[in-house]
Amino acid sequence: MLIASRLRLPALLLIAACALLAGCETTPANTAGNLKLPDTAAIASLRPGDSLVITLQGVPDPSSNPVQIDDQGLVTLPFIGAVSTTGTTTATLSQRIRETYLTKKIYTTVDVSVAVTERYIYVGGEVIRPGRIIWTPDLTVTKAIQAAGGFSLYAKENRLSLVRDRVAHPVNATAAEKNPAEDPRLMPGDSIQVPKSAF
């Protein structure tokens with residue numbers, strides 16, 4: 001009787017521990033699954049790194065100015081210097097540039113058009129060709145890795161970091177290759193970092 005009760009206690013503790021563990025499931029705060037598909041408004045917004053052509057017409061010397069938005073979100077144009085692109089689309093930036101030329105009395109009339117020529121994402125770390133990759137609307141993490149030449153020999157494929165709007169999200173590329181739902185769609189300006197494996 002005493003032996004049976006001694007055997008029952010550890011068994012009950014084991015069952016209670018298993019039930020407790022089964023009920024507790026931890027999920028990281030920022031996982032690839034939490035990344036929403038980029039919406040149209042977010043994609044339309046201009047971002048640092050975007051390449052633009054800004055055309056000025058209806059002025060004595062019409063010009064076409066290829067520029068790239070710098071890290072501070074600025075573009076530089078003749079006579080007016082730096083113009084902020086923060087929170088703008090091509091249409092709102094056109095209006096902002098036009099108003100700047102008119103306010104500073106550089107021109108009395110001017111037509112401004114802004115066109116995006118190329119947008120980029122960045123892949124760094126343990127890939128064959130780290131650097132920037134031209135963004136396309138269907139670009140995902142695994143496609144970006146392929147465009148960067150694939151993983152290097154020492155890449156830790158299940159611990160990628162996708163940085164968007166200064167927030168890092170972990171991505172498991174091994175899982176993403178098997179399940180497209182785990183392969184986040186990228187936005188212009190996103191950055192992927194592939195860490196080095198310890199082995």
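Restricting attention to segment 145-169, which residues are outside any strand (DSSP E or B) and either of a type in the set (Phe, Trp, Tyr) or outside the structural domain of Gly189 (by TED's automatic domain parsing) (or both)?
Within segment 145-169, the first condition is being outside any strand (DSSP E or B), and the residues that meet it are 145-150, 152-154, 156-159, 165-166.
Within segment 145-169, Tyr154 is the sole residue that qualifies.
Against the definition (in contact (Cβ under 8 Å) with a residue 40 or more places away in the chain and more than 30 Å from Val53 (Cβ to Cβ)), how does Thr117 come out, yes or no? Here the answer is no, as Thr117 does not meet what is asked. Contact map, segment 137-153: first residue basic (Lys, Arg), second residue part of a loop (DSSP other than H, G, I, E, B) and buried (at least 16 other Cβ atoms within 10 Å of the Cβ), Cβ cut-off under 9 Å, separation 6 or more or different chains; pairs are Lys143/Asp183; Lys143/Leu186. For segment 94-117, filtering for residues that are in a strand (DSSP E or B) and either of a type in the set (A, V, I, L, M, F, W, C) or closer than 15 Å to Asp190 by Cβ (or both) leaves 4. Across segment 100-119, what is the total count of residues that are closer than 16 Å to Ile69 by Cα and among the polar types (S, T, N, Q)? Of the residues in segment 100-119, 2 are closer than 16 Å to Ile69 by Cα and among the polar types (S, T, N, Q). In segment 101-123, the residue that is modelled with the highest pLDDT out of those that are within 13 Å of the chain's Cα centre (by Cα) and either among the β-branched types (Val, Ile, Thr) or surrounded by fewer than 17 Cβ atoms within 10 Å (Cβ to Cβ) (or both) is Val123.
On the stretch given as segment 124-136, residues that are within 16 Å of the chain's Cα centre (by Cα), at negative phi and without any contact (Cβ under 8 Å) to a residue 24 or more places away in the chain total 4. Residue count for segment 177-199 under the criterion of being hydrophobic (A, V, I, L, M, F, W, C), under 26 Å from Ala44 (Cβ atoms) and surrounded by 15 or more Cβ atoms within 10 Å (Cβ to Cβ): the result is 3.
Looking only at segment 85-100, filter to residues that are among the β-branched types (Val, Ile, Thr) and within 22 Å of the chain's Cα centre (by Cα); which one of those is surrounded by the fewest Cβ atoms within 10 Å (Cβ to Cβ)? So that I can check it myself, show each step before the final result.
Start the filter on segment 85-100 by keeping residues that are among the β-branched types (Val, Ile, Thr), which leaves 85-86, 88-90, 92, 97, 100.
Checking which are within 22 Å of the chain's Cα centre (by Cα) leaves us with 85-86, 88-90.
Values: Thr85: 26, Thr86: 13, Thr88: 20, Thr89: 16, Thr90: 18.
Checking each candidate, the answer is Thr86.
The values are calculated or read from the model by the stated rules, or taken from the named source; none is laboratory data. Keep in mind it's a predicted model, so treat the numbers as computed, not measured. Glycine also receives a Cβ, built like all others from the backbone with ideal geometry; neighbour counts cover every protein chain displayed.
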